[in-house]
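Peer 1: The structure's right below; bear with me while I get my questions together.
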Amino acid sequence: MDPELGLKGSVSTVELGPLTVGERPLVCASVASPEPGEMVEKAADTGADIVELRVDTLDDPGDPELERLLAASEVEEPLLLTVRWESDGGEYRGDEEDRIERIEGLMEHVDAVDIELEAEEESRRRVRKKARELGTPLIVSFHDFSETSSREELTYVMEQALDVGDIAKVAVTPRSRRDVLTLLEATLDARETLGGPVSSLAMGEIGSNSRIVAPMYGSSLTYAATGEPVAPGQLSVEETKEGLRLLGLLS
């Protein structure tokens, strides 16, 4: 049992750059921008533990300038690569083959990569294969923009995600505060039974508190905004870190 959080079970940790996912709650700042230079510039000063580059928000997600800038980047925080489909809450509207080729091409310049659990099987296979070749941690994410499934179903989704990747990310849409409790219960179940790091959050105003509270129940990674939120209910990096400090999860 974790003496600080009172959590049973043990979580296998994942090395992400100089950080260890699973040791303490980590804050990931989502950086969005229409231009590669601005994206890298924003990434350099977020105050977060990890920086998620939302490449899908670029005017041209395939702009080769981004690869050059990342190769020369001096951003100290670990970088997470995400090219999110519009149907999964992102802004990418192009061809799937182009998206996967883009992810594969940029992966050597980042510290972790995200692929959706509901992406095409071949897409998941290719991203996983490239990540394994490079030793890059793989986050497998699931987003539900309509509802919050049952506790058992959410735990199963987390298990599926960990079967594919190294870290499971689950984001749901609560219709009530009880839905948020369902997510927290599923997070606790996953923490106690699955053994791999999980990131869980409830989107929207009702669920915004989960971005701070979920780590109390075993969520290893929470996402925060720099400027305009890229997901419903996202708090700023400053608000998120202050909330974690108030709960005694950050020093």
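Peer 1: Can you find a residue that is surrounded by fewer than 18 Cβ atoms within 10 Å (Cβ to Cβ) and touching a residue at least 40 places away in the same chain (Cβ under 8 Å) anywhere in the stretch 77-86?
Peer 2: no
Peer 1: Something else now. Quick one: which strands (runs of 3 or more DSSP E) lie wholly within the stretch 63-169 and hold at least 3 residues that are farther than 16 Å from residue 39 by Cβ and not β-branched (Val, Ile, Thr)?
Peer 2: 138-143
Peer 1: For the stretch 175-197, what are the residues that are in a helix (DSSP H, G or I) and among the charged types (D, E, K, R)?
Peer 2: 177, 178, 179, 185, 189, 191, 192
Peer 1: How many of the residues in the stretch 204-219 are buried (at least 23 other Cβ atoms within 10 Å of the Cβ) and not in a helix (DSSP H, G or I)?
Peer 2: Of the residues in that region, 2 qualify.
Peer 1: Residues 52, 4: which one is modelled with pLDDT under 95 and within 20 Å of residue 198 (Cα to Cα)?
Peer 2: The match here is 4.
Peer 1: A follow-up question, please. Can you tell me which of 132, 177 is surrounded by fewer than 18 Cβ atoms within 10 Å (Cβ to Cβ), under 24 Å from residue 78 (Cβ atoms) and either over 17 Å from the mean Cα position of the chain (by Cα) or modelled with pLDDT of 95 or more (or both)?
Peer 2: Matching residue, one of 132, 177: 132.
Peer 1: Among all residue pairs at least 6 apart or on different chains, which show Cβ distances below 8 Å where the first residue, located in the stretch 101-124, is under 20 Å from residue 159 (Cβ atoms) and the second is in a helix (DSSP H, G or I) and among the hydroxyl-bearing types (Ser, Thr, Tyr)?
Peer 2: The qualifying pairs are 115/123.
Peer 1: For residue 61, all conditions in the list (1) in contact with a Lys or Arg (Cβ under 7 Å, 6 or more places away or on another chain); (2) under 30 Å from residue 194 (Cα atoms); (3) buried (at least 17 other Cβ atoms within 10 Å of the Cβ) hold save one; what is the number of the exception?
Peer 2: (2)
The values are calculated or read from the model by the stated rules, or taken from the named source; none is laboratory data. Predicted model, so just to flag it, every value in this text is computed and none were measured. As a convention, Cβ positions derive from the backbone with ideal geometry for all residues, glycine included, and neighbour counts pool all protein chains shown.
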